[in-house]
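Let me begin by presenting the structure, written as structure tokens, before commenting on it.
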Amino acid sequence: MKPDFLICREKVMAILEIQNQTKFYELKEKGFIPPACGQSKRTHLWSNTLIYDLKKELIKNGNQYSKKLMMDLSL
């Protein structure tokens, strides 16, 4: 089993096509984006696999974020 790659906030925003930081933090605070799973110095890092899975599900659901979707992916 290989360890997952961790990506920074800027890459997460690019993958999910989020244009500004305010929108990103709003989605994260509501639980629509998973919390960071790591940190390097002052940079928070997210799971590459989880973010790409989220993107695939958002495409299927017509870009509708939901807590249920995030919980299903996290489990």
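The values are calculated or read from the model by the stated rules, or taken from the named source; none is laboratory data. Given the structure is predicted, the values throughout are model-derived calculations rather than measurements. Glycine gets a Cβ as well: all are built from the backbone with ideal geometry, and neighbour counts include every protein chain shown. Heavy atoms of the whole protein, side chains included, go into the accessibility calculation; ligands, DNA and RNA do not. Shrake-Rupley method; radii C 1.70, N 1.55, O 1.52, S 1.80 Å.
Annotations for the structure displayed:
- The number of residues in the stretch 22-44 being in contact with a Lys or Arg (Cβ under 8 Å, 6 or more places away or on another chain) and either among the acidic types (Asp, Glu) or farther than 21 Å from Leu75 by Cβ (or both) comes to 3.
- Restricting the stretch 61-73 to residues that are under 20 Å from Glu17 (Cα atoms) and of a type outside the set (A, V, I, L, M, F, W, C) leaves a set whose member that is modelled with the lowest pLDDT is Asn63.
- Here the stretch 32-75 is the region considered, the condition is being more than 18 Å from Cys8 (Cα to Cα) and assigned to a loop (DSSP other than H, G, I, E, B), and the residue that is most open to solvent (accessible area, probe 1.4 Å) is Leu75.
- So Tyr25, is it modelled with pLDDT under 95, among the aromatic types (Phe, Trp, Tyr), in a helix (DSSP H, G or I) and at negative phi: yes
- Some residue of the stretch 12-25 being touching an Asp or Glu at 6+ places or on another chain (Cβ under 6 Å) and either free of Cβ contacts under 8 Å to residues at least 60 places away in the same chain or of a type outside the set (Asp, Glu) (or both): no
- Test result for Ser47, touching a strand residue (DSSP E or B) at 6+ places or on another chain (Cβ under 9 Å) and farther than 21 Å from Leu75 by Cβ: no
- Candidates are the residues of the stretch 1-24 that are among the basic types (Lys, Arg) and farther than 17 Å from Lys56 by Cα; the one that is least open to solvent (accessible area, probe 1.4 Å) is Arg9.
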